[in-house]
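J.: To start, I am sharing the structure in question, which I have written as structure tokens.
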Amino acid sequence: MVLRAHDPLRTRRWWLAIALVWGVSLTGAWWWASYHTAPRLLAIETALGDRVAEVKQLKQKVDELRRRLSISEKSDQVSRTANESLQATLRQHEDEIASLRGDIAFYQRLMDGKSGRKGLTVQALGIKTMNGGQGYNLRATLTQNLRKGGVSKGVCEVFIEGMQGSSIMTLSWSQLPGRDPTLAPEFSFKYFQQLQAGFVLPKDFLPNRIKLVARSELGEVSERTLAWTEAIHNGDSNDVWK
């Protein structure tokens, strides 16, 4: 058995060698990681930066497209509204032109006498409902071109035929509710006049026909009889309400 003396210096050298080897291994590992991993990390960071930039650009494009879409939708809405307004205005003007042409044709026929000279004539007759259907407004157009410059004066009689319960009845103007027999519709004109009068029918009275008789002071008589539905239709079409 050989006994060796303890050498502290040798032990210290041994641990120093171990530490040196461990440090060298760490340095090698760091160098290897830096050599192999750093470029990969740099590439990933570069790609990430590129993607972030692309996403930012795409967001800007989306925002721009949304803005353009909003402007386009508002523009389309404005265009549609303007077009609808224009179409409504055109239809209104066309209706006015047609109405004026009808008036001109009517006055020309009335004045030129080509269709023949006529005395007192009930030219048109119509009825409009009022007060929720409880009352009615009658309007008639009276004409004459037989006497140039002559004045036609007279009164109109109104008769309404219908059913009251199970009975057939004909109501005269004086028999209508609230009518004064002495206040029958009167007229006075040279060439034409639009006569207007309001009336109310008795409760539960169902009208079928209406007749208007115009009598002048010179003895001329003209009458016009219409089915109630036709008279209402004339009133709804505004032909006699110009």
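J.: Is it true that some residue in the stretch 81-94 is of a type in the set (A, V, I, L, M) and at pLDDT below 65? Spell out the reasoning first.
T.: Initially, the stretch 81-94 is screened for residues of a type in the set (A, V, I, L, M), giving 82, 86, 88, 90.
Those still in the list that are at pLDDT below 65 too: none.
No, every residue in the stretch 81-94 fails to be of a type in the set (A, V, I, L, M) and at pLDDT below 65.
J.: Of everything in the stretch 122-156 that's more than 19 Å from Lys190 (Cβ to Cβ) and of a type in the set (Ser, Thr, Tyr), which residue is modelled with the lowest pLDDT?
T.: Thr129
J.: Residue under question is Thr37, and the condition is that it be modelled with pLDDT under 80 and hydroxyl-bearing (Ser, Thr, Tyr); does it hold?
T.: The answer is yes for Thr37.
J.: Select from the stretch 214-230 the residues that are exposed (fewer than 15 other Cβ atoms within 10 Å of the Cβ) and among the polar types (S, T, N, Q) and list them in ascending order.
T.: Residue satisfying the conditions is Thr229 alone.
J.: State whether the residues of the stretch 157-165 include one that is modelled with pLDDT of 90 or more, buried (at least 16 other Cβ atoms within 10 Å of the Cβ) and of a type in the set (Gly, Ala, Ser).
T.: yes
J.: Would it be correct to say that Ala231 is assigned by TED's automatic domain parsing to the domain that holds Leu125, assigned to a helix (DSSP H, G or I) and touching a residue at least 24 places away in the same chain (Cβ under 8 Å)?
T.: Values: assigned by TED's automatic domain parsing to the domain that holds Leu125: yes; assigned to a helix (DSSP H, G or I): yes; touching a residue at least 24 places away in the same chain (Cβ under 8 Å): yes.
So Ala231 fits the description; yes.
J.: For the stretch 232-241, check the following and say yes or no: at least one residue is farther than 17 Å from Gln123 by Cβ and modelled with pLDDT of 85 or more.
T.: Residues of the stretch 232-241 that are farther than 17 Å from Gln123 by Cβ, as a first pass: 232, 236.
Okay, now just the ones that are also modelled with pLDDT of 85 or more, so 232.
Yes.
J.: Still on this model: Among the residues of the stretch 196-224, what is the count of those that are in a strand (DSSP E or B), under 38 Å from the mean Cα position of the chain (by Cα) and of a type outside the set (Phe, Trp, Tyr)?
T.: Within the stretch 196-224, residues that are in a strand (DSSP E or B), under 38 Å from the mean Cα position of the chain (by Cα) and of a type outside the set (Phe, Trp, Tyr) number 9.
The values are calculated or read from the model by the stated rules, or taken from the named source; none is laboratory data. Keep in mind the model is a prediction, meaning the values are calculated, not measured. So basically every Cβ, Gly included, is an ideal-geometry build from the backbone, and we count neighbours across all protein chains shown.
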